[in-house]
Each structure stands twice: as C-alpha cells, then as structure tokens.
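Okay, structure first, notes after.
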Amino acid sequence: MSQYSFSYNYDSLYDAFNAVNRKGKMQKRYLSPEYLAKAQEYREMRKNLNKILRKKKAERTEEETSEVDKLKQLMKNNAQQQKILLQEHLSKVSSRILSSSFRFNLTPDASEDPQKPLYTIGATAEEFFAMQVLCRNMKKLFKISMSSRHEILFQLKTLLMEDKSRYYIIRTDVCHCFESIPHDKLFKYLEGNNLLDVKSKSLLHGLIRKEFEVKNLRPRVPTPRTGIPRGCAISSLLSEFYLSKIDEMIKYTLPGILFLGRYMDDMVLVIHPDIRDEYHKPIDWYIDKLENIYSQMGLDIHTPSDGSGKCYTYDSANTVDLDFNLLGYNIHIDKEDNLLFSLSQDKLDRITSRIDKSFTTFYKMIDIAGFDVAAHYLFDALHVLTCNINLYNAKKGVKVGIFYSNQLLDNKKNLSYLDGQLKRNIGRLNLSSKKSIAIAHRTAIEESLKRKLALLSFTKGFDYPHKRYKVKKQRLRTIKSSWV
C-alpha cells in the first residue's frame, strides 16, 4: 500500500487530535463527556500534587508524603483511562465519517462583509476531525507549503540590492480568487492524482461540487460551478494547490523569469528581458501572456488598464523611480539607485487606528471597571503595539511585534511618525471628567500616567535588543478584540 493511501481510521484521527491539542486549540465540544470528566479529574490531582511538591521534603507531613505516591499512581491510572476513553470516542467518530452517508454541512455568513461571505462546517466531532484529516492529507500528499511574507520580501529585497541588470517588475493579484476557481479544472488535478485516497476525493467532491454549489451566495461571481468556500480550512490549501499549478505554467512559458513570489493571490514578478532587438519583449507583452495564462485556468488578474490601481509595472530602463506597495511595505528605488523599504500607508494607518482605539477603550473602561483596570489594559495594549511578544502555540522561537513583524524596514521615519501618534494621544489624555476618580487625585493620577506612558516608544521597541513584553493568551485576545 502506498505511503500516501490515507484513511480516516482511529490512528488518523488520533494524530489529528494530538496536532490540534499540542497547539492548545482542541475544543471540548468535539470530545466525549466521559473523556472530559477524566481529564478534569487528572487536572485536579495534578493541582493537589503540585501543591505538596512546592513544599520542601523536610516540611511535608507524613500524610502528605504518602499522598504524593498515591496521587502519582492515581494519575498514571487516570491517564490510561483517558487513553481508552479517547480511543473509544475517536473510533466511533471514525466509523461515522467512513459511512457512505457522511458529508460536510456548510453554513454561509455574510454579516461581516456581504461581498465576501464566510462559510463554516457543522459543529460536530465528525466534521471537525474529517476536516482536520483531509487538510493533513492534502498538505502531505501535494507538499503544500505556503511562502511566508518575510521570505518573499527578503528574497525580493536581496535581488533588488544586488542585481544591476535591466529588469521588469510586475506586481498584481487575482480578481476574486476564492470565488472564481473553476471546479472542473480544480478537480481535473485532484482526481487525476492516483495517490489521493478515495475517501478524501469523495469528501472534497461532496463539499465543493455539491454542498458549496448549493450554499454559495455568489455576491461577486455568479458563474455556476466556480469557487471554494472562504473561511473553510481546506480552501486555503485548495487555492494554494491550484495557484501553484499556474506558477509552474508561468515559469515554463515566460522567458527571463528571475523571481516569482506569491503570497496567496498576491504576486510579484522580476523579469530579465532579453535586450537583443530580435528577441526583446516589452513589459506589455508579459502582461498579455500572464493574462492569457490565468484566463486559461479560469481566473482573471488585475492589469494596468483595468483602472483598479492593483497592478503595478516597472521597467528599470526608465528614468522614473520604482515605487509600489507589497505585503505591508512600500518599496522605493530613487534615481541614485537607493533602495528603501518603508511601511505602507495602509499599515501605518492601521497601527495609528489601534493606538487611537486603545485610548478610546481606556476611557470607556474607567467608567465601567474603574481606573486601575483601565490603566492596566492601556499599558498592555500599548506594549503589544510598541514591543515584541512570543506567539502562543507557535513553533519555538517565533516572535511578533514592531521589530519581528517588520524586520525589513529601512525607513526609521515611520517609527518616529508612530511615536508622534502615540505622543499625540498621551498629550490629549484628560481625566477631569472621570467621576469615578476623586477630584482631589485626578491631576496627580493623570500626570503620573502620562509620565509612565511617555516611556513607551516604537523606535525603542524596534531597535536592538528589540524590547520584549509578556502577555497572556487570553489577555492578547481581549486586546486584539478592542482594535476591531
């Protein structure tokens, strides 16, 4: 049997459970009550054991010393019982997934953006585990690995710094990518692969060609038998799989491709045109060829002539500066060939908005929860913006923040600008109308708060040693929700 003959048996579901559970994202609703009860018993025993172990051995009573060994044995037995209960539960779930009647159920939600409705699968253990295994199968079989923003931008920056030959740059994206992928062409690739197991093909067929075909709201692309469900876990993998096929066609078809970087449906091309007259192709020729390749695959890309402003082209032989936005950066090369990576205006506006919203939330919280709670929130929120934090449940060493999320930034004026936006809010801070604070103390509290806030700085957070800040996972969620 091929190593890629995946199934949806207990072993596959158990692997999926472990992968999700290690990230701390396993929801209780997908597990049995019996298993959850045993897991809760284990946590209580662990809590009691840790309480005793925190004491030095000489300080423990005879009963506590005896209790340590007893708890350890009970916990060992409990762990075995948990394993049995989990196996029983996942085996039942597997049996229901493998039945011929099983299918995914989609629910559309257009409340956030009517033009980009989201689709969610049913909240059952069967649908959750089937989707997890399906995604794992797809990623492993087709070796789907999405390039990171940093990887694409770093390669582009290195290329622009070192390459002095004539080059073209084309930056564009796919129009309504998720909504436009044609089912027949997508499934031609999927069903033509003999290594993908029959159950996975059946689940994909039922989800995309049947369930989504019926539930698709089609606000942008009315064409039948097109699109994949935005918001569904498998869709980003299907999109990446399909677009990677187009990447291969571009590299094979177009001459002089020096670099092709694509993040989801955003793409940048660096091309070395043949400078010999008889072989030279203008940049418009490349645009036409790209448009034709995507059109053959049932997709449209933005072009310079469509008026959207989403396609940028550049020929280094021209005397104008290179200047375009890509993945949160503005990339600029002047006439002296100086390369400068700045934060895009959209990103600057987004961070400024989060500063403003942090202060707005602070003022509201004073009236609801009191000054101390509100001030604690404000310090946490502004530290998250100006410092760097470890990503929870991510690979070891992965960090985010003002430096780690913007490592390619050259233009330090961006940081000074953000510091100015922060100082503007601090300067306008006024507690005179806050009745929950005693009148006699308002001025002193306000001045003390301003002094402490003045120590925060985007520039200091960016510069070495890249100031770090610790914040709990739930706290981080609360802060991020206040910025929406």
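The values are calculated or read from the model by the stated rules, or taken from the named source; none is laboratory data. Being a predicted model, the structure only gives us computed values, none of them experimental. Cβ coordinates were reconstructed from backbone atoms using ideal geometry, including for glycine residues, and neighbour counts include every protein chain displayed. What goes into the accessible areas is simple: the full protein's heavy atoms, side chains included, and nothing from ligands, DNA or RNA. Shrake-Rupley method; radii C 1.70, N 1.55, O 1.52, S 1.80 Å.
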Report task. Quick one, could you list the DSSP H helices from the chain stretching 24 Å or more along their long axis (Cα atoms) with average Kyte-Doolittle hydropathy of 0.0 or above? Result -> 125-142, 233-253
Requested in this report: Decide, for the stretch 17-56, between rounded, prolate and oblate: order the square roots of the alpha carbon gyration tensor eigenvalues as a ≥ b ≥ c, take rounded if a/c falls under 1.5, and otherwise choose prolate if a/b is larger than b/c, else oblate.
Outcome: oblate
Query raised in the report: So for the chain, what are the equivalent ellipsoid semi-axes in whole Å, largest first, each being the square root of 5 times an eigenvalue of the Cα gyration tensor?
Result: 44, 39, 22
Report summary line: Taking the dipole of the stretch 235-330 about the Cα centre (Lys, Arg +1; Asp, Glu -1; charges at Cβ), the one of SER236, GLY328, TYR294 that reaches farthest to the positive side is SER236
Query raised in the report: Quick one, what does Rg over Rh come out to for the stretch 91-176 if you take C-alpha atoms and the Kirkwood Rh?
Result: 1.19
Query - Given charges at Cβ of Lys, Arg, Asp, Glu: the stretch 103-262 dipole, positive-most of PHE129, GLY261, ALA110 - result: GLY261
Report task. Could you tell me which of GLY427, LEU378, HIS183 has its Cα farthest along the dipole of the chain towards the positive end, charges placed at Cβ (Lys, Arg +1; Asp, Glu -1), taken about the Cα centre? Result -> LEU378
Query raised in the report: What relative contact order, as a whole-number percentage, does the stretch 12-120 give when Cα pairs under 8 Å and 6 or more residues apart are counted?
Result: 26 percent
Query - Dipole magnitude of the chain, debye to nearest 20 (Cβ charges: Lys/Arg +1, Asp/Glu -1, about Cα centre) - result: 2620 debye
Query raised in the report: Using a Förster distance of 45 Å, how high is the FRET efficiency between SER448 and ASP321, based on the Cβ-Cβ distance and rounded to 0.05?
Result: 0.40
Query - Student exercise, the stretch 322-457 dipole from Lys, Arg, Asp, Glu Cβ charges, in Debye to nearest 20 - result: 540 debye
Query - Assigned charges on the beta-carbon of Lys, Arg, Asp, Glu; the stretch 198-351 dipole about Cα centre (debye) - result: 1360 debye
Query - Rel. contact order, % - alpha carbon contacts under 8 angstrom, at least six apart, the chain - result: 13 percent
Query - Modelled FRET efficiency - R0 35 Å, LYS472 with ASN338, Cβ distances, 0.05 increments - result: 0.20
**Report entry** the stretch 130-219 - Kirkwood radius from inverse mean 1/r over Cα pairs (Å)
**Finding:** 16.6 Å
Requested in this report: Could you work out how far apart the two model spin labels at MET26 and LYS157 are, taking each label as a point 7 Å from the Cα in the direction of the beta carbon, and quote it in nm?
Outcome: 3.9 nm
Report summary line: For the chain, the accessible surface attributable to carbon and sulfur atoms (probe 1.4 angstrom, ligands and nucleic acids excluded) amounts in percent to 51 percent
Report task. Can you tell me the FRET efficiency between GLU278 and ARG166 if r is taken as the Cβ-Cβ distance and R0 is 22 Å, rounded to the nearest 0.05? Result -> 0.85
Report summary line: Subtracting the Cα-Cα distance of ASP356 and LEU53 from 0.36 nm times their residue separation yields 104.4 nm
Query raised in the report: Considering only the chain, what is the antiparallel percent among its DSSP beta bridges, to the nearest 5?
Result: 95 percent
Query raised in the report: Taking LYS38 as the anchor, which lysines have their alpha carbon closer than 26 Å to its alpha carbon, excluding any fewer than eight residues away along the same chain?
Result: LYS23, LYS25, LYS28, LYS47, LYS51, LYS70, LYS72, LYS76, LYS83, LYS92, LYS473
Report task. For every helix of n ≥ 4 consecutive DSSP H residues, a contribution of -39,500 (n - 2.57) applies; sum these over the chain, divide by its total residues, and give [θ] at 222 nm rounded to the nearest 500 deg cm²/dmol. Result -> -16500 deg cm²/dmol
Report task. Could you work out how far apart the two model spin labels at GLN87 and VAL68 are, taking each label as a point 7 Å from the Cα in the direction of the beta carbon, and quote it in nm? Result -> 3.2 nm
Query raised in the report: Any idea of the accessible area per residue across the stretch 298-384, 1.4 Å probe, to the nearest Å²?
Result: 47 Å²
Query raised in the report: Which GluC sites (Glu not before Pro) does the stretch 231-282 hold that lie in a coil by DSSP with at most 16 other beta carbons within 10 Å?
Result: GLU278
Query raised in the report: Which whole-number percentage describes the relative contact order of the stretch 255-307, with Cα contacts under 8 Å and a sequence gap of 6 or more?
Result: 20 percent
Query - trypsin sites (Lys or Arg not before Pro) within the stretch 183-283, DSSP loop, no more than 10 other Cβ atoms inside 10 Å - result: ARG276
